[in-house]
1. Quick check on the stretch 1-60: of everything there that is of a type in the set (Val, Ile, Thr), assigned to a strand (DSSP E or B) and touching a residue at least 24 places away in the same chain (Cβ under 8 Å), which residue is most open to solvent (accessible area, probe 1.4 Å)?
2. Looking at (1) charged (D, E, K, R); (2) under 14 Å from residue 19 (Cβ atoms); (3) assigned to a loop (DSSP other than H, G, I, E, B), can you tell me which one residue 71 breaks?
3. Inside the stretch 61-84, can you point out the residues that are among the small types (Gly, Ala, Ser) and under 28 Å from residue 1 (Cα atoms)?
4. Only one of (1) in a loop (DSSP other than H, G, I, E, B); (2) surrounded by 14 or more Cβ atoms within 10 Å (Cβ to Cβ) fails for residue 65. Which number is that?
5. Search the stretch 96-115 for residues that are basic (Lys, Arg) and pair each with any residue that is assigned to a strand (DSSP E or B) and crowded, with 22+ Cβ neighbours inside 10 Å when their beta-carbon atoms are under 9 Å apart and the residues are at least 6 apart or on different chains.
6. Working only within the stretch 65-79, note down all residues that are in contact with a strand residue (DSSP E or B) (Cβ under 6 Å, 6 or more places away or on another chain) and at pLDDT 95 or above.
7. How many residues does the stretch 62-95 contain that are acidic (Asp, Glu) and under 19 Å from residue 13 (Cβ atoms)?
Amino acid sequence: QVQLVESGGGLVQAGGSLRLSCAASGSIFSINAMGWYRQAPGKQRELVAAITSGGTTNYADSVKGRFTISRDNANAKNTVDLQMNSLKPEDTAVYYCNAHRVLRAVLSGTGDYWGQGTQVTVSS
């Protein structure tokens, strides 16, 4: 089993920045891919960004050039961060961390492990 805990959400004005972090614990040796999803009220959960242990990244078109995903899997740590710059009101959502052994599962939203979510609110 893997446990994911997100942190770093909050309220920010449009144009501002936030950094989200997701820490994995438990059977982290089984995790290759990690990613961030978000869900706004009344909308489906959507992929924001994903990254493999080797550093391969994927981004949603809506966040390219503004968001950066990074990962630290050295020294028994396994964390994934999402640096969010130039935030827009439409980025407001609950952000979830997702993890799985294979990247395609994270990209399709079918990864086995999910965090509890962290709220990001961008005011105009």
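1. Per the stated criteria, the residue is 5.
2. Just one mismatch for residue 71, condition (3).
3. 70, 74, 76 - these are the residues of the stretch 61-84 that are among the small types (Gly, Ala, Ser) and under 28 Å from residue 1 (Cα atoms).
4. Exception for residue 65: condition (2).
5. 101/33; 104/33
6. 67, 68, 69, 70
7. The qualifying residues number 2.
The values are calculated or read from the model by the stated rules, or taken from the named source; none is laboratory data. If you're wondering where the values come from, they're calculated on a predicted model, not measured in any experiment. Don't worry about glycine lacking a Cβ; one is built from the backbone with ideal geometry, like all the others, and counts go over all protein chains shown. Ligands, DNA and RNA are excluded from the accessible area calculation, which covers all protein heavy atoms including side chains. Shrake-Rupley method; radii C 1.70, N 1.55, O 1.52, S 1.80 Å.
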